[in-house]
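What follows is a single structure, written as structure tokens, with notes after it.
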Amino acid sequence: MKQDTIRGATYTVDCEDYIHVVEFNPFDSVSPGSLIAYGGNDYVAIASCRFQEEDTSVNGIEFKILKTFHHEVRVDAITWSPETRYDTLTPVLRFCTAAGDKTLRIFTSDFHEENKCQLMVAEKTGTIRFYDLTTHQAILSLESMQVPLMSADWCLKNTFRVGAVAGNDWVIWEMPRSSYPQDNKPSHADRARFFRWSKCNENLFATTGCPGKMNSQLLIHHLGHPHPILVGSASVGSGLSWHRTLPLCVVGGYRKLFFWLTEM
């Protein structure tokens with residue numbers, strides 16, 4: 001890949017512990033700010049954040065922790081429920097975590113009715129499976145042709161598009177054309193770790209490399225460009241997520257959250 005100048009984070013927020021995973025809420029939560037969840041060694045924090053790019057009354061970034069949930073072990077993954085709402089009348093915070101003890105935990109600020117949905121599961125062996133949770137049956141599978149497959153994401157703006165990182169490459173499928181990738185390209189020399197689609201642009205996505213001794217590389221890609229449009233670096237970075245409406249992504253690190261804003 002073409003080597004570009006490394007760009008510092010647009011915004012940073014100090015935290016009390018190392019951040020293992022971070023996830024913006026991709027759904028409209030009926031709140032003035034965006035909800036973001038991040039997890040450490042034994043907790044998950046939910047915060048509201050607003051940026052000057054979406055609200056001119058904000059100077060840079062406005063960040064407020066709303067609630068902290070105790071977590072018995074280190075948090076490895078977080079996903080939000082579309083049921084989450086944070087207006088003044090009926091606040092509901094609902095999300096699921098995965099941890100190294102092979103347990104999924106569902107957290108909620110009340111015991112709101114659960115909706116039926118489909119689930120995508122990515123396996124390190126290179127297979128991505130889609131399940132119908134009403135029938136508990138697999139309905140579709142994709143093959144990366146490379147291993148290990150470390151991360152996969154279903155595009156919110158184009159539900160026929162799935163992306164992943166496997167080995168050193170990013171990989172993209174256009175369903176239902178084929179169970180095999182339509183596009184792939186080398187990304188990180190030190191192996192790729194996370195893949196996430198932008199929530200506001202179906203052609204924009206980000207990948208990170210596996211954490212080194214000091215830093216992790218962030219690359220932001222656009223399918224219309226042959227090379228990454230932004231190169232960033234975070235100290236022992238972990239986790240990756242996009243803002244719901246802005247071309248802005250976040251990576252966790254040692255006692256910090258790092259935010260990068262792109263112009264695409």
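The values are calculated or read from the model by the stated rules, or taken from the named source; none is laboratory data. Please read all numbers here as calculations on a predicted model, not as lab measurements. Neighbour counts are summed over all protein chains in view; Cβ atoms, including those assigned to glycine, are modelled from backbone coordinates with ideal geometry. For the accessible areas, the whole protein counts, side chains as well, though only heavy atoms, and no ligand, DNA or RNA atoms are used. Shrake-Rupley method; radii C 1.70, N 1.55, O 1.52, S 1.80 Å.
Kindly establish whether VAL30 is at positive phi and not charged (D, E, K, R). Lay out the reasoning, then the answer.
Working: at positive phi: yes; not charged (D, E, K, R): yes.
Here the answer is yes, as VAL30 does meet what is asked.
Among the numbered criteria (1) in contact with an Asp or Glu (Cβ under 8 Å, 6 or more places away or on another chain); (2) more than 30 Å from HIS188 (Cβ to Cβ); (3) open to solvent by less than 40 Å² (accessible area, probe 1.4 Å), which single criterion is violated by HIS20?
Every condition holds for HIS20 apart from (2).
Give the number of residues within region 135-172 that are hydroxyl-bearing (Ser, Thr, Tyr), open to solvent by less than 20 Å² (accessible area, probe 1.4 Å) and more than 18 Å from THR208 (Cβ to Cβ).
Kept after step one, since they are hydroxyl-bearing (Ser, Thr, Tyr), are these residues of region 135-172: 135, 141, 144, 151, 159.
Those still in the list that are open to solvent by less than 20 Å² (accessible area, probe 1.4 Å) too: 144, 151.
Retained after the next criterion (residues that are more than 18 Å from THR208 (Cβ to Cβ)): none.
Matching residues across region 135-172 total 0.
Just need a number here: residues in region 116-131 that are modelled with pLDDT of 80 or more and either touching a Leu at 6+ places or on another chain (Cβ under 6 Å) or assigned to a strand (DSSP E or B) (or both). Reasoning before the result, please.
Residues of region 116-131 modelled with pLDDT of 80 or more: 119-131.
Retained after the next criterion (residues that are either touching a Leu at 6+ places or on another chain (Cβ under 6 Å) or assigned to a strand (DSSP E or B) (or both)): 119-122, 124, 126-131.
Qualifying residue count for the region: 11.
For region 182-202, give me each residue that is under 14 Å from CYS155 (Cβ atoms) and either open to solvent by less than 30 Å² (accessible area, probe 1.4 Å) or without any contact (Cβ under 8 Å) to a residue 60 or more places away in the chain (or both). Even if it seems obvious, please write down each step before you answer.
Of region 182-202, the ones under 14 Å from CYS155 (Cβ atoms) are 182-183, 195-202.
Answer for region 182-202, where residues must be under 14 Å from CYS155 (Cβ atoms) and either open to solvent by less than 30 Å² (accessible area, probe 1.4 Å) or without any contact (Cβ under 8 Å) to a residue 60 or more places away in the chain (or both): GLN182, ASP183, PHE195, ARG196, TRP197, SER198, LYS199, CYS200, GLU202.
Quick one: which strands (runs of 3 or more DSSP E) lie wholly within region 40-97 and hold at least 2 residues that are within 18 Å of the chain's Cα centre (by Cα)?
Values: elements: 43-51, 61-70, 75-80.
Correct list: 43-51, 75-80.
Would it be correct to say that VAL73 is farther than 23 Å from LYS199 by Cα, out of contact with any Leu (no Cβ under 8 Å at 6 or more places or on another chain) and β-branched (Val, Ile, Thr)?
Numbers: farther than 23 Å from LYS199 by Cα: yes; out of contact with any Leu (no Cβ under 8 Å at 6 or more places or on another chain): yes; β-branched (Val, Ile, Thr): yes.
Yes; evaluated as a whole, the condition is true for this residue.
On the given criteria, is ALA37 out of contact with any Gly (no Cβ under 8 Å at 6 or more places or on another chain) and either part of a strand (DSSP E or B) or not polar (S, T, N, Q) (or both)?
Working: out of contact with any Gly (no Cβ under 8 Å at 6 or more places or on another chain): yes; either part of a strand (DSSP E or B) or not polar (S, T, N, Q) (or both): yes.
Taking the combined requirement at face value, the residue satisfies it.
State which residue is farthest from SER241 (Cα to Cα) when the search covers only region 77-101 and only residues that are open to solvent by 30 Å² or more (accessible area, probe 1.4 Å), of a type in the set (D, E, K, R) and at pLDDT below 90.
ASP87
HIS227 versus (1) in a strand (DSSP E or B); (2) surrounded by fewer than 21 Cβ atoms within 10 Å (Cβ to Cβ): which is the lone unmet condition?
Evaluating HIS227 over (1) in a strand (DSSP E or B); (2) surrounded by fewer than 21 Cβ atoms within 10 Å (Cβ to Cβ) leaves (1) as the failure.
Looking only at strands (runs of 3 or more DSSP E) that lie completely in region 139-180, which have at least 1 residues being of a type in the set (Lys, Arg)? Give the derivation first.
On the way: elements: 149-154, 161-166, 169-174.
By residue number, 161-166.
What number goes with the only condition from (1) open to solvent by 10 Å² or more (accessible area, probe 1.4 Å); (2) in contact with a strand residue (DSSP E or B) (Cβ under 6 Å, 6 or more places away or on another chain) that GLY39 does not pass?
Against the list (1) open to solvent by 10 Å² or more (accessible area, probe 1.4 Å); (2) in contact with a strand residue (DSSP E or B) (Cβ under 6 Å, 6 or more places away or on another chain), GLY39 comes up short only on (1).
Can you say whether PRO186 is of a type outside the set (Val, Ile, Thr) and over 20 Å from LEU219 (Cα atoms), as far as the supplied structure shows? Reasoning before the result, please.
On the way: of a type outside the set (Val, Ile, Thr): yes; over 20 Å from LEU219 (Cα atoms): no.
Criteria not met by PRO186.
Please go through region 233-247 and give me each residue that is crowded, with 24+ Cβ neighbours inside 10 Å and either in a strand (DSSP E or B) or free of Cβ contacts under 8 Å to residues at least 24 places away in the same chain (or both), ordered by number. Before you say what the answer is, go through the steps one by one.
At the first step, the residues of region 233-247 found to be crowded, with 24+ Cβ neighbours inside 10 Å are 234, 237, 239-242.
Listed by number, the residues that qualify are ALA234, GLY239, LEU240, SER241, TRP242.
Of everything in region 203-216 that's over 14 Å from GLY239 (Cβ atoms) and not basic (Lys, Arg), which residue is most open to solvent (accessible area, probe 1.4 Å)?
Of the residues in region 203-216, the ones over 14 Å from GLY239 (Cβ atoms) are 203-205, 212-215.
Of the ones still in play, those that are also not basic (Lys, Arg) are 203-205, 212, 214-215.
Working: ASN203: 48, LEU204: 0, PHE205: 1, GLY212: 37, MET214: 133, ASN215: 84 Å².
Looking at the filtered set, the residue picked out is MET214.
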